[in-house]
1. Scan the stretch 136-170 residue by residue and report those that are within 16 Å of F99 (Cα to Cα), open to solvent by less than 60 Å² (accessible area, probe 1.4 Å) and in contact (Cβ under 8 Å) with a residue 60 or more places away in the chain.
2. Pick from L72, L82: which is within 14 Å of V52 (Cα to Cα) and modelled with pLDDT under 95?
Amino acid sequence: MAILRTESGSLLETRDVVFIALFAAIVASLAAFPPITLPLAGVPITAQTLGVMLAGGVIGAVRGGLAIVLFLLLVAIGLPLLPGGRGGFGVFLGPTGGFLIGWIVAAFAIGYMTEWLWDRLNFVLAFTICILGGVIVLYAIGVPWVAFVAKIPLWTALTGSLSFIPGDIVKALIAAGVIMTVKRSYPIIQPRTPADGAGRPGRPE
């Protein structure tokens, strides 16, 4: 049976659970910022993607991914934690669904890259990681789902989603600044090593 381990190789402990719950709450709180809905895709631009970037970049791949899983479970059972007071399982079947599920992958990807580059992480690297995970990976999952649900060509869905990019860049800049501030003042992540990729401590198994 697979066991979730943090980047240091330890099982999830009370401290990890606290961080997971905290960042799920942070993502929920960012719903307070009014969303902007694009008319073509029907997907709202929200501040919650910033929470996804922070979850991965501040507490790491496993904890960050689990924070988003926890948040989405709360949404699925009906809590109005998405912008506009939306919640319930139905939101996963609408145009937003691909992006919501993509948040899990994005947080994990951002956390994983941050762990690997932790020892030499700087603002530029942190920003690049947030763009790779929080934009490229996320769009690769979310845009095809928009095309499927809206019954529009993939290229049309992608073109319509380009309006997200300026806001995503701003969120990545903010996230990179927070990640570097936390690294300097209260580092939570521990770096991965090449040995982690061989199944030794540090790898989520």
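The values are calculated or read from the model by the stated rules, or taken from the named source; none is laboratory data. All values derive from a computational prediction rather than experimental measurement. Heads up, the Cβs are rebuilt from the backbone with ideal geometry, glycines too, and the neighbour counts pull from every protein chain shown. For the accessible areas, the whole protein counts, side chains as well, though only heavy atoms, and no ligand, DNA or RNA atoms are used. Shrake-Rupley method; radii C 1.70, N 1.55, O 1.52, S 1.80 Å.
1. Hits for the stretch 136-170 are L138, G142, V146, A150, A157, G160, S161, F164, G167, D168.
2. L82
Every residue, every condition in (1) β-branched (V, I, T); (2) within 15 Å of A175 (Cβ to Cβ); (3) in a helix (DSSP H, G or I), yes or no:
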| residue | (1), (2), (3) |
| --- | --- |
| A67 | no, yes, yes |
| L70 | no, no, yes |
| L73 | no, no, yes |
| L79 | no, no, no |
| T114 | yes, yes, yes |
| F127 | no, yes, yes |
| G133 | no, yes, yes |
| A147 | no, no, yes |
